[in-house]
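Read the structure below first, then the notes.
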Amino acid sequence: MTQTLYWERPWLRFYPAGTPEGVEVPGGSVSARVAEAFHARAKEVALLYYGRAYRYGELLEGIQRFAGGLRGLGLRPGDRVGLYLANSPQFALAYLGVLWAGGVVVPVSPLYTSHELRHQLTDSGARFLVVQDALLENALKAGVSLEGVIVASPREALPAWQRLFVRPLSVPKGPGILPFAHLLRADPLPVPEARTGEDLAALPYTGGTTGLPKGVEITHGNILAAHRMVQSLNPFTQGNTLLAFLPFYHIYGQVVLLLGGLLSGARLVVFSTPDPDWILEAMVRYRATHFFGVPSLYEVLRDHPKSHWVDWRRLEVVVSGADTLHEATAEAFARRTGREIAEGYGMTETTSVSHINPRDRVKRGSFGIPLPGIQALVVDPDTLEPVPVGEVGELALAGPNVTRGYWRREEENARSFFTQEGVRFFRTGDLVRMDEEGYFHFYDRAKDMIKYKGRPVFPREIEEALRAHPLVKAAGVVGVPDPRVGAYPKAYVVLEPEARGKVTEEDLLAFLAERLAPYKLPKEIEFRGELPKTDVGKVSRRELREEVEGGAA
């Protein structure tokens, strides 16, 4: 097959009937779409939060009042506002209220320390911060000069009877510190601030494999394009019910669930924490129609005693994203539930999803085909020329959902974008291959690849081989610099509880020797009780690599 097959887009023949090849991006702002969609469904339930229902009309009024409150505090169009919140109705009100007032949302992980928060607020130039009451102490420790700190309590969003079981937290009084409820009593801003598709809407930060996190410029047009692209292949409709336990600060939960669900008129069952028992019970109680998860959750659900409560086959979609879905997990889940998981792929820089497996043609081991409107290439990382179909190279993407660039990082932007056939492409940094049907397969992060005596070694391949051992629960592999060979692979392994102290390094090396070439075998295997994880459940190779570089055991 020739390199031109990428441009011919072989994946188009696997789109469901009626799916367009591209999408027409709506003009204007997200807020204009919110006004239209929420007015039309004012009496319908938008959110359910631990038993309390919020209707679209109620949300719209809250958005308008919150926006009015921000304007009263002095927020100007284009000002950045940090959101340091767990999933809750307040997150939805604050996010959409900031946009309504013409501001830019800077979502921050609620797991971040004050040091991490300080970098994000300082780098973005945020003027205001909306913070959960339990995180206020962290926020104040960050020591960032802000013009307003708005404190939200999830307790206030609960049904009255639930509040009896949740102790209220005291909030220190001080200049510039305001309760969230104070803004909800402000005079409403009836019409959203006029913004165009080119205006900045959100500034999420990438975790990064090296260095400090970078702000990703997401415009109103990027969000509306991403929503339209997802809808064109896996549509939500009025009456659909989505379980919203994926974190809203993360691009996956933010764009696919929170914004995508509400703009489509769906009903979101919101969880502040992803408790598997509550999730499975809610699936049955609220008759969920769509399920979006991450591989680590499917790993839990495949063996969970309550998984059999759910008729998984009646769900319209069961999707996995944010990390690579191990084939062993997909197989075990399908055996338990009778349902294939449709793996997808996306990045903050693509405003969430860029690829997905069609629901009726799932290919295990592949993260699927590009969404309508996406052009994908696999290129040589050095020359940026497309590699032959079937060969491994760096994934490059173009489309209306792709970020315009990194916030105030001109050198990074120069490295991350290039033009091919007159089209501007973003370099993802991920090593993949496209098969002849147009399905894409993930190999590894380019920065994680280990060069051993000049030969490429992919950590994920070793991790997959380790996880195939029945007594290995988790594995992470990183390269250890060695001037004699360049770098060699080191594996960190968590064993199943019954195997600890019984399975040895030699046992695992013998197991791997039957599955991997000799140069791919780890030179060290270290057993751990647990491995560091990212916010969405990935094994954090960055932290493992920092241990190696710091000489930690």
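The values are calculated or read from the model by the stated rules, or taken from the named source; none is laboratory data. Because the structure is predicted, anything quoted here is derived from the model rather than measured. FYI the Cβ positions are ideal-geometry reconstructions off the backbone, even for glycines, and counts take in every protein chain you see.
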If LEU516 passes every condition in (1) in contact with a helix residue (DSSP H, G or I) (Cβ under 6 Å, 6 or more places away or on another chain); (2) closer than 30 Å to ARG13 by Cα; (3) free of Cβ contacts under 8 Å to residues at least 60 places away in the same chain but one, which one does it miss? (2)
Restricted to segment 1-31 and to residues being small (Gly, Ala, Ser) and without any contact (Cβ under 8 Å) to a residue 12 or more places away in the chain, the residue surrounded by the most Cβ atoms within 10 Å (Cβ to Cβ) is GLY18
Hits in segment 423-446 (condition: within 16 Å of ARG541 (Cβ to Cβ), aliphatic (A, V, I, L, M) and modelled with pLDDT of 85 or more): LEU431
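Residue-wise test of (1) among the aromatic types (Phe, Trp, Tyr); (2) under 18 Å from PRO190 (Cβ atoms).
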residue	(1), (2)
GLU44	no, no
TYR50	yes, no
LEU75	no, yes
VAL81	no, no
PHE91	yes, no
LEU96	no, yes
Which of the residues belonging to segment 310-334 are assigned to a helix (DSSP H, G or I) and farther than 14 Å from LEU243 by Cβ? ARG313, ARG314, GLU327, ALA328, THR329, ALA330, GLU331, ALA332, PHE333, ALA334
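Sort through GLU349, GLU343, GLU281, GLU316 and tell me the only one that's under 20 Å from VAL539 (Cα atoms) and among the acidic types (Asp, Glu). Walk me through how you get there before you give the answer.
Values: GLU349 fails: under 20 Å from VAL539 (Cα atoms); GLU281 fails: under 20 Å from VAL539 (Cα atoms); GLU316 fails: under 20 Å from VAL539 (Cα atoms).
After ruling out the rest, the residue left standing is GLU343.
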Would you mind stating whether LEU99 is in contact (Cβ under 8 Å) with a residue 24 or more places away in the chain, closer than 30 Å to ILE356 by Cβ and surrounded by 20 or more Cβ atoms within 10 Å (Cβ to Cβ)? yes
Residue within segment 66-89 that is free of Cβ contacts under 8 Å to residues at least 40 places away in the same chain and either farther than 26 Å from VAL270 by Cα or surrounded by fewer than 16 Cβ atoms within 10 Å (Cβ to Cβ) (or both) present: yes
Please go through segment 523-539 and pick out each residue that is within 17 Å of PRO459 (Cα to Cα), modelled with pLDDT of 85 or more and assigned to a loop (DSSP other than H, G, I, E, B). LYS523, LEU531, PRO532
Looking at ASP360, ASP323, ASP303, which is the one that is of a type in the set (D, E, K, R), under 18 Å from ILE251 (Cα atoms) and modelled with pLDDT under 95? ASP323
Of those in segment 255-281 that are touching a His at 6+ places or on another chain (Cβ under 6 Å) and buried (at least 20 other Cβ atoms within 10 Å of the Cβ), the residue farthest from GLU343 (Cα to Cα) is LEU263
Test each condition in (1) assigned to a strand (DSSP E or B); (2) over 11 Å from ALA376 (Cα atoms); (3) touching a residue at least 12 places away in the same chain (Cβ under 8 Å) for ARG427 and report the one that comes out false. (2)
Residue count, segment 430-453 (criterion: part of a strand (DSSP E or B), touching a helix residue (DSSP H, G or I) at 6+ places or on another chain (Cβ under 9 Å) and under 19 Å from ILE374 (Cβ atoms)): 5
Exactly one of (1) surrounded by fewer than 19 Cβ atoms within 10 Å (Cβ to Cβ); (2) part of a loop (DSSP other than H, G, I, E, B); (3) among the β-branched types (Val, Ile, Thr) is unmet by VAL284. Its number? (2)
Within segment 447-460, track down each residue that is surrounded by fewer than 18 Cβ atoms within 10 Å (Cβ to Cβ) and either within 19 Å of LEU395 (Cα to Cα) or modelled with pLDDT of 85 or more (or both). LYS447, PRO456
Does GLY221 fit the bill of being in a helix (DSSP H, G or I), over 18 Å from TYR84 (Cβ atoms), touching a strand residue (DSSP E or B) at 6+ places or on another chain (Cβ under 6 Å) and outside the structural domain of LEU73 (by TED's automatic domain parsing)? no
Residue that is surrounded by the most Cβ atoms within 10 Å (Cβ to Cβ), among those in segment 370-384 that are touching a residue at least 60 places away in the same chain (Cβ under 8 Å) and under 18 Å from ASP435 (Cα atoms): LEU371
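One line per residue, one yes/no per condition, for (1) closer than 25 Å to LEU164 by Cβ; (2) over 26 Å from the mean Cα position of the chain (by Cα):
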site	(1), (2)
TYR56	no, no
LEU60	no, no
GLY68	no, yes
GLY74	no, yes
ASN87	yes, no
Condition set within 21 Å of ALA32 (Cβ to Cβ) and of a type in the set (Ser, Thr, Tyr), scope segment 180-236, selection modelled with the lowest pLDDT: answer is SER232
Being under 22 Å from TRP278 (Cβ atoms), among the hydrophobic types (A, V, I, L, M, F, W, C) and modelled with pLDDT of 95 or more narrows ALA46, ALA134, ALA101, ALA126 down to just ALA46
THR122 meets each of (1) part of a helix (DSSP H, G or I); (2) assigned by TED's automatic domain parsing to the domain that holds HIS182; (3) in contact (Cβ under 8 Å) with a residue 24 or more places away in the chain; (4) not charged (D, E, K, R) with one exception, condition (3)
Every residue from segment 466-496 that is assigned to a helix (DSSP H, G or I) and at pLDDT 90 or above: LEU466
When you check ALA201 against the structure, is it touching a Gly at 6+ places or on another chain (Cβ under 9 Å) and within 20 Å of VAL131 (Cα to Cα), yes or no? yes
Is there a residue being in the same structural domain as TYR252 (by TED's automatic domain parsing), buried (at least 17 other Cβ atoms within 10 Å of the Cβ) and closer than 19 Å to PRO10 by Cα anywhere in segment 399-413? yes
Among the residues of segment 37-63, which ones are hydrophobic (A, V, I, L, M, F, W, C), in contact with a Gly (Cβ under 7 Å, 6 or more places away or on another chain) and surrounded by fewer than 16 Cβ atoms within 10 Å (Cβ to Cβ)? ALA42
